[in-house]
Each structure stands twice: as C-alpha cells, then as structure tokens.
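Structure record follows, encoded as structure tokens.
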Amino acid sequence: MPNTPVPPSTSSAPPATLHAEGVSNDEFRAAMSRLAAGVVLVTAQEPPLDPDDPRAPAGEDVGMTATAFLSVSLDPPLVLVSLREGSRMDDLLDEQPLWSVSVLSESQRHIAGRFAMKGRISDRLLFKDIPYVRGEYSGAPVVGGALATLECRTEQRVPAGDHTLVIGRVLTADVPSAADGPLTYFRGRYRHLA
C-alpha cells in the first residue's frame with residue numbers, strides 16, 4: 001500500500017513542540033512517566049544572612065520533592081539529584097554545599113505533595129507540623145519516619161539541559177526501623193507497591 005500523505009490537522013490545539021530529534025515534549029514526558037521512581041525530600045538550610053553577626057536571623061530551611069534521585073558510586077559513596085535550573089533548591093545548593101535526603105515512605109505522601117506544590121507558601125510553614133531532626137553535618141531537616149536518610153556534601157554540579165545534576169558525597173546514611181513500604185511515582189501519580 002503506497003504511503004498516503006496525511007492532511008494538515010484542522011484542530012485548534014497548538015502544534016506539539018518538536019525537538020531536532022523529532023520527539024515532542026509531550027511524547028518524552030509520557031514515555032518517562034512509565035518509569036517508576038522512588039520519592040525523596042531534599043532539604044538544605046540557607047546560610048545565615050550575616051554569619052559574622054550572632055544576632056542576624058538564621059537562614060530558612062528549604063525543601064523540595066524529587067523523583068530523579070539515584071546512587072552513583074559505592075566507593076566513594078555518591079548520589080545524584082536532578083534539580084530544575086534556577087529553582088530555589090538549585091540556587092541554594094549552588095552556595096550551600098551541605099544537604100540532606102529523606103527517602104519517603106508510602107504513608108508520607110502528604111509530605112511529597114506539600115513540597116512539590118507550585119506557587120507554594122513559605123518553606124517555614126511547610127515544615128511546621130512535620131516531625132524532623134537536624135542533620136549532624138548538614139544542619140538540614142531530616143524527616144522522622146523516613147525509610148532512609150542521607151546527609152551529603154556537593155562534589156560536582158553538571159548543567160544538563162534545563163536541569164542541574166548535583167552529585168553529592170554521602171557523609172551519613174541511616175536506615176530507621178520503618179515498617180512502611182516505599183512511596184513511588186508512576187504515570188504522574190504517587191503510588192505504593194501492592
């Protein structure tokens with residue numbers, strides 16, 4: 001059967017943005033949504049506004065939900081998190097090398113949703129009723145009830161398209177006794193393993 005030309009669309013929908021390679025943003029997003037991922041909360045503490053003045057206000061805690069988080073190396077222990085370029089966390093980790101990661105459990109879906117909101121309220125209010133302790137090295141909030149927690153120091157920042165890949169050396173790793181399963185993200189929604 002010969003190839004028949006396809007008539008132009010009469011739809012009023014805007015045409016899909018195609019990259020030079022021919023894949024559209026929507027096609028790429030749909031394909032990657034089929035990859036199940038764990039969900040973590042990345043946290044860091046802003047440096048004090050004036051480190052030389054003990055009366056200056058301390059920096060605010062900042063948190064961000066991430067699903068692009070993975071182990072990179074065992075020796076030395078390295079992890080990687082992908083941050084949207086120019087996001088608050090990207091800007092903070094550009095100046096603050098110490099940060100923490102809490103691997104969220106399925107019962108912590110509300111935490112993931114809270115720190116993933118667009119146009120959200122102040123981070124101070126987001127942390128208000130979440131149980132956490134401060135990391136020994138990072139000073140960043142480490143969420144209570146997480147499946148695992150890590151404290152990291154940035155080793156390398158790699159620009160990658162519209163994101164920054166932050167590679168961190170793991171300074172501490174803790175696995176609290178949590179009976180819950182992991183929180184996962186699949187097809188645009190938080191899920192739990194059945």
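The values are calculated or read from the model by the stated rules, or taken from the named source; none is laboratory data. Keep in mind that this is a model prediction, so the values were computed, not measured. Cβ sites come from the backbone with ideal geometry, for glycine too, and all protein chains shown count toward neighbours. Calculation scope for accessible area: heavy atoms of the full protein, side chains included, ligands and nucleic acids excluded. Shrake-Rupley method; radii C 1.70, N 1.55, O 1.52, S 1.80 Å.
See the values below:
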quantity	calculated
Only one of 100, 105, 82 that is at pLDDT 95 or above, in contact with a Leu (Cβ under 6 Å, 6 or more places away or on another chain) and either at positive phi or among the hydroxyl-bearing types (Ser, Thr, Tyr) (or both)	82
Residues being farther than 19 Å from residue 182 by Cα and open to solvent by 50 Å² or more (accessible area, probe 1.4 Å) - total across region 48-80	13
Residue 188 touching a helix residue (DSSP H, G or I) at 6+ places or on another chain (Cβ under 7 Å) and closer than 30 Å to residue 30 by Cα	no
Wholly enclosed strands (runs of 3 or more DSSP E) of region 81-194 bearing at least 1 residues among the small types (Gly, Ala, Ser), buried (at least 17 other Cβ atoms within 10 Å of the Cβ) and touching a Cys at 6+ places or on another chain (Cβ under 9 Å)	98-103, 163-174
Only one of 76, 51 that is modelled with pLDDT under 85 and either of a type in the set (Phe, Trp, Tyr) or assigned to a loop (DSSP other than H, G, I, E, B) (or both)	51
